[in-house]
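Before any comments, here is the structure.
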Amino acid sequence: MEEQKDIHINKPKKKLVWGLIPEFFWNLIKYIVIFVILLLMGVYYLIQIPSFQNYAIKKATAFLSAELHAEVSVGRIRITFFQSLLLEDLLVKDRQNDTLLMTSQIKVGLKGGLFDLIDGKIDIQNVAIKTMKVRLIQNCPEYDNNYQFLINYIENGNPDSLFSKPSGKPNNIHLSIKDIDLKNVDVTMQNKYQGTIDTSFL
């Protein structure tokens with residue numbers, strides 16, 4: 001008699017990675033990670049393109065102008081590897097459409113890069129300002145001036161009205177500046193209540 005043999009058919013088992021994650025899901029995770037890395041790299045290099053930087057700053061200044069109800073414009077911007085920032089032809093007007101601040105060039109070197117802004121930190125190694133004019137006008141009462149709306153916006157994100165004090169929760173932003181280089185800076189403070197005009201040249 002022929003000896004009967006037991007035949008066992010081994011069904012293929014799903015391969016596990018690290019004994020926990022099926023191979024299919026592991027590959028899916030790998031592709032997602034690769035896609036995210038490529039996307040971040042694309043955004044990073046896109047930000048280095050001057051035309052994209054100028055397009056972005058025009059959108060940003062348009063948004064800021066609408067927020068402040070005052071004109072803000074920048075002629076040109078250059079960002080280099082998130083470590084340095086160059087602004088040219090910056091103009092800020094007050095609520096009466098008069099020039100509050102204008103400068104031909106501002107160069108900023110950042111220690112931690114622009115990514116520190118996410119944590120509310122602005123660590124500036126050096127600032128170089130060339131040809132700036134600032135016109136400050138103070139009236140009576142104390143908070144009736146042409147720059148109060150900027151102070152309000154910086155402190156609580158709301159410019160409020162021209163004659164109001166800052167109110168609400170202040171923004172938690174840590175700012176540090178190590179070195180400042182000023183060339184041809186003209187600052188004028190006019191106090192209409194006292195009838196005085198103080199001018200400083202740097």
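Readers should treat all values here as calculations from the given coordinates under stated rules, not as data from a laboratory. Here the structure is a predicted model, which means the values were calculated and not measured. Cβ sites come from the backbone with ideal geometry, for glycine too, and all protein chains shown count toward neighbours.
Points worth noting:
- The packing ranking, built from the mean of other Cβ atoms within 10 Å per residue, places the peptides 176-189, 126-139, 57-70 in the order 126-139, 57-70, 176-189, highest first.
- Members of Lys30/Lys59; Lys58/Lys111; Lys93/Lys130 lying beyond 29 Å, as alpha-carbon distances in this model show: Lys30/Lys59
- Cβ-defined net charge surrounding Asp181, 12 Å radius [Lys, Arg +1; Asp, Glu -1]: +3
- With θ taken as phi - 60° and the Karplus curve 6.51 cos²θ - 1.76 cosθ + 1.60 applied, the whole-hertz 3J(HN,Hα) list for segment 191-196 is 9, 5, 5, 8, x, 10 Hz, x standing for glycine and proline.
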